[in-house]
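A.B. asks: Quick one: structure below, then a few questions.
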Amino acid sequence: VLRPTVCERELCVFAFQTLGVMNEAADEIATGAQVVDLLVSMCRSALESPRKVVIFEPYPSVVDPNDPQVLAFNPRKKNYDRVMKALDSITSIREMTQAPYLEIKKQMDKQDPLAHPLLQWVISSNRSHIVKLPVNRQLKFMHTPHQFLLLSSPPAKESNFRAAKNLYGSTFAFHGSHIENWHSILRNGLVVASNTRLQLHGAMFGSGIYLSPLSSISFGYSGMNKKQQKVSAKDEPPSSSKGSNALQSQKKGQQSQFLQSRNLKCIALCEVITSPDLHKHGEIWVVPNTDHVCTRFFFVYEDGQVGDTSINTQEPGIHKEILRVIGNQTATG
């Protein structure tokens, strides 16, 4: 589950980057274009946020290609503008896939010598396992073609989760968070933000990770406004649906480019232990124990795409479909 990651100690960074460990991670550009695209978009959103000092964590640790003794990006000497400049130079992943890897690197080095090292860091510092789901493994009721398997728990946590699941059982619920927060979540995991400087919304029901079985509530936390939410799939003719148009354009072979969109919304579908620790306040659930929540799926909505607010994970049909799609990806006994 864990990809190579960067320890912030400078010695580790030098060993990691100068020994070429990162080069393997960069090969994924050819196969995981949308995933890399998504990671770059999350990085940009965190960097553009007024809260960047809090949420752009971890800050990149990148060796200067012209001087291996120096960190060009150093968590101890943060320069957000310089990171943004390098990020701006990272061209669309869609364009990258049309050229051989070495050619892409050459083009980026020409534009900004720190662009390619930053891209390597964005890819390899991601601790989560993210895979684009093939169409036959997607949850149709989520109304987006951008669906990913997202396993963000290290093996030890996953092991604790399964032990608790054997005791108490589990169910599924949504977690909505603004895209600017996901850069950190993918690298640090879901954390209890209540009563910390990470908290954005009030902790009305106490400290814990907030979830909901209702998509409408989690869409609200993701920043998707009411106009972007579909009340019910059958209330709207497909021909007039912008979300449907997005699907149509995909069928025609047009490739979507996350990097072209400045208005991405996303929610995760999590598996949660149904222990006495799970506090249910109507349709808002609070989980104080972070070991009792594991992300399973991740859904992204671009400009014009709409989410269906009528989804309830506790409906038998919905629950059954989630289990069908997960299949052998996780233990779902």
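A.B. asks: Please compute the per residue accessible area over region 120-175 with all protein chains in place, 1.4 Å probe, rounded to a whole number of Å².
C.D. replies: So region 120-175 comes to 37 Å² accessible per residue, rounded to a whole number.
A.B. asks: Take each of the peptides 67-75, 107-115, average the number of other beta-carbon atoms within 10 Å over its residues, and list them starting from the highest.
C.D. replies: Packing proxy ranking, top to bottom: 107-115, 67-75.
A.B. asks: Right, something else. I need the peptides 170-177, 277-284, 141-148, 158-165 ranked by packing, meaning the mean over residues of other C-beta atoms within 10 angstrom, with the highest value on top.
C.D. replies: The packing order, highest mean first, is 170-177, 141-148, 158-165, 277-284.
A.B. asks: Separate question: Report ³J(HN,Hα) in whole Hz for each residue of region 63-78, in order, from the Karplus equation J = 6.51 cos²θ - 1.76 cosθ + 1.60 where θ = phi - 60°; Gly and Pro get x.
C.D. replies: 6, 5, x, 8, 8, x, 8, 10, 8, 6, 10, 10, x, 7, 9, 6
A.B. asks: When the Karplus curve 6.51 cos²θ - 1.76 cosθ + 1.60 is applied with θ = phi - 60°, which whole-Hz ³J(HN,Hα) does each residue of region 163-180 get, with x for Gly and Pro?
C.D. replies: The phi angles translate into 5, 5, 5, 4, 7, 10, x, 8, 8, 10, 8, 8, 10, x, 8, 4, 4, 5 Hz.
A.B. asks: Under the Karplus relation 6.51 cos²θ - 1.76 cosθ + 1.60, θ = phi - 60°, what is the ordered set of whole-Hz ³J(HN,Hα) values for region 102-107, x standing for Gly and Pro?
C.D. replies: Rounded to whole hertz, the list is 5, 5, 4, 4, 4, 5.
A.B. asks: Which order do peptides 269-275, 78-84 fall in by mean Cβ count within 10 Å, highest first?
C.D. replies: 269-275, 78-84
A.B. asks: With 30 Å as the limit, write out which pairs from Lys78/Lys132; Lys78/Lys105; Lys77/Lys106 have Cα-Cα distances beyond it, or answer none.
C.D. replies: Violating the 30 Å Cα-Cα cut-off are Lys78/Lys132.
The values are calculated or read from the model by the stated rules, or taken from the named source; none is laboratory data. Fair warning: this is a prediction, and the values are worked out from it, not measured in the lab. Counting neighbours? That spans all protein chains shown, and the Cβs are built from the backbone with ideal geometry, glycine included. These accessible areas exclude ligands, DNA and RNA; they are computed on the full protein's heavy atoms, side chains included. Shrake-Rupley method; radii C 1.70, N 1.55, O 1.52, S 1.80 Å.
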